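Below is one structure, written out as C-alpha cells, with a few remarks after it.
The values are calculated or read from the model by the stated rules, or taken from the named source; none is laboratory data. Keep in mind that what you see is a predicted model, and the values were worked out from it rather than measured. Glycine also receives a Cβ, built like all others from the backbone with ideal geometry; neighbour counts cover every protein chain displayed.
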Amino acid sequence: METWRQQPLVFWAFLLPGGLWLVLFFLVPLSLIWIFSFGERSGPVDILITGTLANYIEALDPLYLSIFLKSLWIAAAATAVTLIIGFPVALAVSFAPPRLKPILLLLVILPFWTNLLIRTYAMIAVLRTRGYVNFGLEALWDGADAALAGLGIGALPRFQPLTLLYNDAAVVIGIVYVYLPFMVLPLYATLERLDRAYLEASLDLGAGQIRTMASIVVPLAKPGIVSGVILVFIPALGTFLISDLLGGPDSQLIGNVIERQFKAANNWPLGAAMSFILLYITFGILALRSYLGRDDV
Amino acid sequence: MPRYRPLRSRKFASSRRRFLEGSLTVATVLPAMNRMSFAQGGQVNVYNWDTYIGETTVEDFTEATGTDVRYDLFASNDELFAKLREGNPGYDVIFPSNDFVERLVAAERLLPLDHGMIPNMSNLDAAFTDPEFDPGRTYSVPYFWGTIGVGYRKSATEGQEPKAWADLFGSDQYSGRMSLLNDSDVIEVALKYLGLSLNSSDPAEIDAAADVLIKAKPHIKAFAPDTGQDLLIAGEVDVCMEWNGDILQVMTEDDDLAYVVPEEGSILWEDTMCIPSGGPNPEAAHAFINYILEAEVHGQIAAEIKYPCPNAAALDFIPEEDRNNPSIYPSKETLERCEVAVYDQAKDDLKEKALTRVLAA
C-alpha cells in the first residue's frame, strides 16, 4: 500500500492494540500524575487539585536543585563511560565472523533476562570489601608477596582492600553495568549497516587505522551513538535503585528524593512536580536532538 | 450429489457444543460460588513484614481453622501505606507500626476491631492494652514491640564498645565502620542524642539534629535501608543502627555480635495487627488475629524471631535465656529513656526535608 488511506482497516487493525496500550497504560496515568503536580495535600490521602504552582517552586528549591545537578553529572559520567566501553564491544560484534555474531549478541542481551534487582545485588557481592574484586586483588598481592619472599627481597605491607562500594564510583559502575546493552545494541545496529567500502577506501588513500576510525567510523555511527546516549542517559538520570543499594552517604540522587516523596514523606504533589521537571528536561534533550539532526533526514 | 453427513460426526458436533456450553456455565458460576463460601473455609489475605512470623505459623493456622492464608510481604510502613492509599487492594490483615496506625486511622483506612471476636486479647500484658496511639485498642492489637539501637561487633570495638549515641555521633572512633538507617529515624535518634524529645516539632531543634548528622557524615560508611545487620555480619561495618530483632537474628549466627540501647534513650516502637476496611473477609481476619494471640502460638513466634512479646501468657512459651536477655527485654530504666514516635504530618514533613538535607550534604 502507498499510504494508509488506501487500506484504512488494515492500518487501524495494526495501530489500535499498541495505541490503546500506550494511551491507557502510559498517557492516562502520566496525565494523572501531571494533574497531581498542580495539587495540594489535604489529609493523609487526599489531594485537592487547586492549580497551584507551589510544588514546582518548592521543587526548584536550592537543596533539590543541587541534587538535580548531581544526578545530571552522575548520569553524564556514566553515559560517557558506557559509550567508551560500548563502542569497542559493538565494533567487535559487527566485525565478527557471521557465525559468531548471534552468540556474541546473545551474550550482550543475556543480562536483560535477569531481574534488575538481582543484577544490582550481584554487583554488591562483586564490589564489597569481602567481594570478588578484592579477593582477586588479594590473591595477586599474596602471590607477589610470596614471589618477593622467595627472592629474599622482603615482604609487602598488609593488603588493604579497595573501597569500591558505598560511594559515587560504585553508582557509576552500577549504571554502566546495568545499561551497557542499551548502548551496545543501537551502536551495533548502526555499525552493522556501515559500508565496508568506506573503510577500504580510507585505508587505500593512506589514512592509518586510528585516523580511519576517528574520521570515518565514528561520524558514520553518529545516529547509533545518539540513540545509545539517549537510551542510557535518561534512565540513568532517574535511577534510584542503583544509588540506594550501591551508593554511599553522599550518593543521594533525584530519583531517591522523588521516591521518598511518594513513600515516606507522603507528598505526592511535590514528587509529581519533581518527576515532571525531569520529564521536561528529557523532552528538551529530545527536542535538541531532533533540531541538531534536522539536516540528516 | 447427496450431502453426506455421517451420523457420528453430527452427534459429536452437538455434544461438543453442549460441552462448551456446560464448561462456560461452570466457569462463570464457579468464581461466584467461591465468594459465597468465604464465610466457611475461605481465604484470609495477610500482608506482613518479611521474616516476621514463625516458620509453620501459617500452615498451623490453616490446619486449625480450615481457612487458607495468602501471605504477602512488604518491606516498610511506607510501602504498606502506599498500597492502602487508594483503597484496599484486598488485604484482610495488615501489620503497621504504631505511628502508621495513627496515619491509617486519620486516613480512615482501618476497620474498628470487634473485641468479641478476639477473646485472646485478655492474654496481653496490661501495659499494652491502652496505648496513646490507639486508646482502648479500637483499631489495633499489639504483635511485637522493640527498640532501635546499636548492633556492634565485639572484637572490632574491644575497649571502645558503643554505649551511647555520643559514641557514634560525637566521636570519630568508628570512622568508616558504621552504618545508620536511611529514614527519618536517624533524625529522631539525633534529637535524643541532643537530649531533646524525638517528637519535637520545633524546626530549630530538627535542624540542629540534621546538623549533628551532617557533622558525623564523613565517618558514616553507608545509610542502609534495613540491611544494617547484613552489613554487620558481612564485616562491612562494625557498628550499625538497627532494630533489636534484626540484630538478635544475626547474633544467633555470629557470637561476636552484640546489641545495646544507647544511654541517651532511643525509639520505642510497636508493630500491630489491624484490619483494613473494605477487606474481603473480616471474620477470617479476626480469627487470624485471635489465633496469633494464643499463648503458645505467640510464644513460639517470639522464640523464633527474637522480638520482645507483649503477650503476658506467651511468656511461658519463650525460652528463659530469651526472657532474661537484656538485648531482647530491656530493663525498666532503659525503657524509661525511650520514647514512642507520634504521627503528625507537619512534623514528618520537617523531618523528611531535614533528612534530604543530611543526605545531600
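General observations
Here's the yes/no breakdown for (1) away from every other protein chain (no Cβ under 14 Å); (2) buried (at least 22 other Cβ atoms within 10 Å of the Cβ):
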site	(1), (2)
B:Phe223	no, yes
B:Gly228	no, yes
B:Gly235	no, no
B:Gln249	yes, no
B:Trp269	yes, no
B:Thr272	yes, yes
B:Leu293	yes, yes
B:Glu296	yes, no
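- Lone qualifier among B:Phe61, B:Phe12 - being over 28 Å from the mean Cα position of the chain (by Cα), assigned to a helix (DSSP H, G or I) and either modelled with pLDDT of 85 or more or of a type in the set (Phe, Trp, Tyr) (or both): B:Phe12
- In this structure, B:Glu205 does not qualify as over 20 Å from the mean Cα position of the chain (by Cα) and in the same structural domain as B:Arg109 (by TED's automatic domain parsing).
- Highlighted here are the helices (runs of 4 or more DSSP H) found entirely within the stretch A:44-160 that include at least 2 residues which are within 20 Å of A:Ala236 (Cβ to Cβ) and away from chain B (no Cβ under 14 Å): A:62-94, A:101-109, A:116-127.
- Members of the stretch A:22-39 found to be surrounded by 11 or more Cβ atoms within 10 Å (Cβ to Cβ), among the aromatic types (Phe, Trp, Tyr) and not in a loop (DSSP other than H, G, I, E, B), listed by number: A:Trp34, A:Phe36
- Some residue of the stretch B:110-130 being within 14 Å of chain A (Cβ to nearest Cβ), touching a Cys at 6+ places or on another chain (Cβ under 9 Å) and either modelled with pLDDT under 90 or under 16 Å from B:Cys274 (Cβ atoms) (or both): yes
- Options A:Gly248, A:Gly271: the member that is among the small types (Gly, Ala, Ser), more than 19 Å from the chain's Cα centre (by Cα) and assigned to a loop (DSSP other than H, G, I, E, B): A:Gly248
- Residue in the stretch B:154-163 that is within 19 Å of B:Ala360 (Cβ to Cβ), in the same structural domain as B:Leu232 (by TED's automatic domain parsing) and at pLDDT 90 or above present: no
- A count restricted to the stretch B:207-221 and to residues that are away from chain A (no Cβ under 14 Å) and buried (at least 24 other Cβ atoms within 10 Å of the Cβ) stands at 1.
- When B:Glu79 is tested against (1) assigned to a helix (DSSP H, G or I); (2) at positive phi; (3) not aliphatic (A, V, I, L, M), just one condition goes unmet, and that condition is (2).
- Test: residue in the stretch B:188-200 that is within 12 Å of another protein chain (Cβ to nearest Cβ) and either in contact (Cβ under 8 Å) with a residue 40 or more places away in the chain or not hydrophobic (A, V, I, L, M, F, W, C) (or both): no
- Cβ pairs under 8 Å, 6+ apart, first in the stretch A:132-159 and within 30 Å of A:Tyr121 (Cβ to Cβ), second of a type in the set (Gly, Ala, Ser) and outside any loop (DSSP other than H, G, I, E, B): A:Tyr132/A:Ala125
- Single residue of the stretch A:161-188 satisfying the filter (assigned to a loop (DSSP other than H, G, I, E, B) and surrounded by 22 or more Cβ atoms within 10 Å (Cβ to Cβ)) that is nearest to the other protein chains (Cβ to nearest Cβ): A:Tyr166
- Selected residue (criterion: farthest from the other protein chains (Cβ to nearest Cβ)) from residues of the stretch B:342-351 that are closer than 25 Å to B:Ala222 by Cβ and surrounded by fewer than 22 Cβ atoms within 10 Å (Cβ to Cβ): B:Leu350
- Options B:Asp172, B:Asp130: the member that is in a loop (DSSP other than H, G, I, E, B) and in the same structural domain as B:Pro310 (by TED's automatic domain parsing): B:Asp130
- Filtering the stretch A:160-179 to residues that are of a type in the set (S, T, N, Q) and either in contact (Cβ under 8 Å) with a residue 60 or more places away in the chain or within 17 Å of B:Ser179 (Cβ to Cβ) (or both) leaves A:Thr163, A:Asn167.
- Considering A:Asp195, A:Asp244, A:Asp250, the condition of being more than 12 Å from every other protein chain (Cβ to nearest Cβ) and acidic (Asp, Glu) is satisfied by A:Asp195 alone.
- Annotation note: of A:Leu110, A:Leu83, the sole residue that is within 21 Å of the chain's Cα centre (by Cα) and surrounded by 12 or more Cβ atoms within 10 Å (Cβ to Cβ) is A:Leu83.
- Residues in the stretch B:73-98 that are surrounded by 21 or more Cβ atoms within 10 Å (Cβ to Cβ), closer than 22 Å to B:Leu268 by Cβ and either charged (D, E, K, R) or within 12 Å of chain A (Cβ to nearest Cβ) (or both): 3 in all.
- Positions within the stretch A:195-221 being among the small types (Gly, Ala, Ser), in a helix (DSSP H, G or I) and surrounded by 12 or more Cβ atoms within 10 Å (Cβ to Cβ), in sequence order: A:Ala201, A:Ser202, A:Ala214, A:Ser215
- Screening the candidates B:Asp125, B:Asp185, B:Asp134, B:Asp130 for the property of being acidic (Asp, Glu), in contact with a Lys or Arg (Cβ under 8 Å, 6 or more places away or on another chain) and under 18 Å from B:Leu268 (Cα atoms) yields one hit, B:Asp130.
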